[in-house]
Amino acid sequence: MGLKQIDHGSEDYEKMVQLRKAILREPLGLTFTNEELQNEREDILIGCLDEDVMLGCCILTELDQKTLRLRQMAVNNKLQGKGIGESIMSFTELLARDKGFKKIVMHARNTAIGFYEKCGYKVCGSQFLELNIPHHIMEKEI
């Protein structure tokens, strides 16, 4: 298993899109638009791979010079609970710190709050709906 930053448009990026689509979009009856995918060109794309298989991934979007937003965190359903998500989060935080960022924020689905709390993130503010799913803003100083 290896973690790395992925180039937009690469073969690994396509695998990342397929995993995110299967885990995050298709269960909601959604897909990605070309515009959404093109908007990821400037993002930091992170993948966890075993050989050529995408196990998990996430995206970091710069909000300002000190803050990144974690988005589209996904781990293969059959592999959840095996430490892949924690590895992705640790790698993500190290990479963000190395690039000079101080904070990571996210819109976390309520079902994932426990996982992110174990990683040191704190809930901020009230619940809101995003894609008709309850979410909370979470953040962590890194």
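Read the figures in this text as sums done on the coordinates, not as results from a lab. Everything quoted here is computed from the prediction, not taken from an experiment. As a convention, Cβ positions derive from the backbone with ideal geometry for all residues, glycine included, and neighbour counts pool all protein chains shown.
Things to note:
- The residue of segment 108-136 that is farthest from residue 23 (Cα to Cα), among those that are more than 14 Å from the chain's Cα centre (by Cα) and among the aliphatic types (A, V, I, L, M), is 123.
- Sole residue being closer than 19 Å to residue 135 by Cβ and in contact (Cβ under 8 Å) with a residue 60 or more places away in the chain, chosen from 70, 63, 30, 95: 30
- Extreme residue, nearest to residue 120 (Cα to Cα), among residues of segment 72-86 that are crowded, with 16+ Cβ neighbours inside 10 Å and out of contact with any Leu (no Cβ under 7 Å at 6 or more places or on another chain): 85
- Residue satisfying condition, being without any contact (Cβ under 8 Å) to a residue 60 or more places away in the chain, aromatic (Phe, Trp, Tyr) and exposed (fewer than 13 other Cβ atoms within 10 Å of the Cβ), within set 128, 101: 128
- Hits in segment 28-56 (condition: loosely packed, with under 11 Cβ neighbours inside 10 Å and within 14 Å of residue 74 (Cβ to Cβ)): 28
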